[in-house]
Amino acid sequence: MNTKLILGIESSCDDTAAAVIRNDKILANITATQAIHEKYGGVVPELASRAHQQNIVPVINAAIEKAGVSKHEIDAIAYTIGPGLLGSLLVGGSFARAMAMGLNIPIIPVNHMQAHILAHFIQTESEKPQFPFLCLTVSGGHTQIVKISDHLKTEVIGETLDDAAGEAFDKTAKILGLPYPGGPMIDQLAQKGNAHRFKFTEPKAPDLNYSFSGLKTNILYFIQKELKKNPLFIDENLNDICASVQETIINILFKKLILASSKYRINQIAIAGGVSANSGLRKRLEEEGTKRNWEVFIPPFEYCTDNAAMIAITGYFKLVKGETGSYSDTSLSRMPL
Ligand code: KG4
Ligand code: ZN
């Protein structure tokens, strides 16, 4: 097949991102992070939509310029159709479809969670997973164990019944008075703390599923109780609290991942999504891999949290298979994988 030049657009939450890819090689990958949400301790959907509108043209122009191409050379545009915040999705989706229509090129709707997984196939120095493999996809809105039989053939074999792992990080950060998003900050503080200092309950969820809402409540009550005894409890123990919470979340995630690997007899294990940027999780995957004879796949940092490169690579695989969309498709806040 001839080479394909694809523009990817991601706008499902609070990052406006655009990337240009030639087959599986990234030429440009630009993300504008919306700082506005920090002071509210979480993403404010209305503000996110407005910020996407401000950012989308400059971000796309910057990506095209950095790639050193002309927009008339682009073969197709891939964009996140869902899942995510509807207002945010509508901005990126409407822009992408209108631009593709103007250029008279195919439009490719992309599932955000599938894109997190396919980020593994972006051209890098490292080995690519072989099919079938399992992927633990951990983000701010999802926690799933997925069996991948082909680039576009996925089966969710376990998922959270309530909160996502990223939410567990973000909500803990809020309880501790740390800024949003909480994951990166907890990760940083945890590196200086004792992970075995405090114990939190590990919830019980059936089969290969997860549950994180009980952990959040457990942490909240624990902190409230300790603060009554010592108002400086958080300040004096912050690193240990973060390390212990992170350890608990990682333990919960791995318990089911190990089970999934033995149940499906698959020992190629990948991680993806924003929480896969966590240094403790990455380290644990290496350790479990060595212990269990797994072949492990850890994405580069820039492809863990939301980015448009993953949308573009998914668009590439869909284009190759002829899976294009229509200019009148509509964005979906909820969407199964
Ligand atoms: O995939 P992502 O960027 O957006 C969604 O699709 O939701 O994931 C965002 C989530 C947030 O909950 C954030 O706190 C978490 O990823 N996160 C981390 C780290 N970096 C981002 N969690 C733990 N450790 C990190 N280093
Ligand atoms: Zn994401």
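The values are calculated or read from the model by the stated rules, or taken from the named source; none is laboratory data. This is a predicted model, so every value here is computed, not measured. Positions of Cβ are generated from backbone atoms using ideal geometry, with glycine treated the same way; all protein chains shown enter the neighbour counts. Note: accessible area is taken over every heavy atom of the protein model, side chains too, but ligands, DNA and RNA are not part of it. Shrake-Rupley method; radii C 1.70, N 1.55, O 1.52, S 1.80 Å.
May I ask which of 147/291; 174/204; 216/318; 153/216; 25/216; 174/256 have a Cα-Cα span longer than 30 Å here?
Values: 147/291 21 Å; 174/204 24 Å; 216/318 38 Å; 153/216 34 Å; 25/216 40 Å; 174/256 27 Å.
As for pairs spanning more than 30 Å Cα to Cα, those are 216/318; 153/216; 25/216.
For region 92-188, take N as its residue count and report Rg(C-alpha) divided by 2.2 N^0.38 Å.
1.38
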Using a 1.4 angstrom probe and counting only protein chains, how large is the accessible area of residue 126 in Å², to 10? 70
How many Å² of accessible area per residue for region 1-146, probe 1.4 Å? 40
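Beyond 15 Å, what share of the Cα-Cα pairs of region 22-86 remains, rounded to the nearest whole percent? Intermediate values should be presented prior to the final figure.
On the way: 1311 of 2080 pairs.
The proportion of pairs with Cα distances above 15 Å equals 63 percent.
Considering just Cα atoms, how many Å³ per residue does the convex hull of region 279-335 enclose? Numbers along the way, then the final one.
Values: hull volume 8.3 nm³, N = 57.
Roughly 146 Å³ of hull volume per residue.
Hey, can you list the DSSP H helices of the chain whose Cα span along the axis is 24 Å or longer and whose average Kyte-Doolittle score is at least 0.5? Kindly include the intermediate steps, with their values, before the conclusion.
On the way: long enough: 45-67 (31 Å, -0.08); 86-103 (25 Å, 1.32); 213-229 (25 Å, -0.36); 233-264 (44 Å, 0.44).
Helices meeting the span and hydropathy rule in the chain are 86-103.
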Out of 156, 275, 320, a Gaussian network model of the chain with alpha-carbon springs under 10 Å gives the largest mean-square fluctuation to 320
Ordering 327, 303 by how much accessible area each has at a 1.4 Å probe, largest first, what is the list? 327, 303
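For 72, 112, write out the residues from largest to smallest accessible area, computed with a 1.4 angstrom probe and no ligands counted. Working shown, then result.
Numbers: 72 145, 112 10 Å².
The residues order as 72, 112, largest area first.
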What relative contact order, as a whole-number percentage, does the chain give when Cα pairs under 8 Å and 6 or more residues apart are counted? 25
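Considering only the other residues whose Cβ falls under 12 Å of the Cβ of residue 96, what net charge follows from Lys and Arg at +1 and Asp and Glu at -1?
Details: positive: 97; negative: 10, 329.
Residues near residue 96 contribute -1 overall.
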Could you please state, rounded to a whole Å, how far the C-alpha centre of region 58-74 is from the C-alpha centre of region 214-260? 45
In cubic angstrom, how much convex hull volume per residue do the alpha carbon atoms of region 247-319 span? 98
For the chain, what is the calculated [θ] at 222 nm in deg cm²/dmol (nearest 500), taking -39500 (n - 2.57) for each run of four or more DSSP H residues and dividing by its residue count? -14000 deg cm²/dmol
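How big, in percent, is the set of alpha carbon pairs in the chain lying more than 27 Å apart? Walk me through the numbers on the way to the answer.
Numbers: 25389 of 56616 pairs.
The calculated P(r) of the chain puts 45 percent of pairs beyond 27 Å.
Report the charge-dipole magnitude of region 32-185 in Debye, nearest 20, computed about the Cα centre from +1 at each Lys and Arg Cβ and -1 at each Asp and Glu Cβ. All intermediate terms of the calculation are to be shown ahead of the outcome.
Details: 10 positive and 14 negative charges, 62 e Å.
It comes to approximately 300 debye.
Mind ranking 217-224, 167-174 by how tightly packed they are, going by the mean number of other C-beta atoms within 10 angstrom, highest first?
Most protected by this proxy first, the peptides run 167-174, 217-224.
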Zero-based 10 Å bins, Cα pair distances in region 80-135, whole percents: 20, 37, 29, 15
So how do 193-199, 236-242, 141-147 stack up, highest first, on mean other-Cβ count within 10 Å? 141-147, 236-242, 193-199
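On a full-extension model of 0.36 nm per residue, what is the gain between residue 287 and residue 126, subtracting their alpha-carbon distance, rounded to one decimal in nm?
Values: separation 161, 0.36 × 161 = 57.96 nm, distance 1.81 nm.
Stretched fully, the residue 287-residue 126 segment lengthens by 56.1 nm.
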For the chain, modelled as a GNM with alpha-carbon contacts under 10 angstrom, which of 17, 309, 32 fluctuates the most? 32
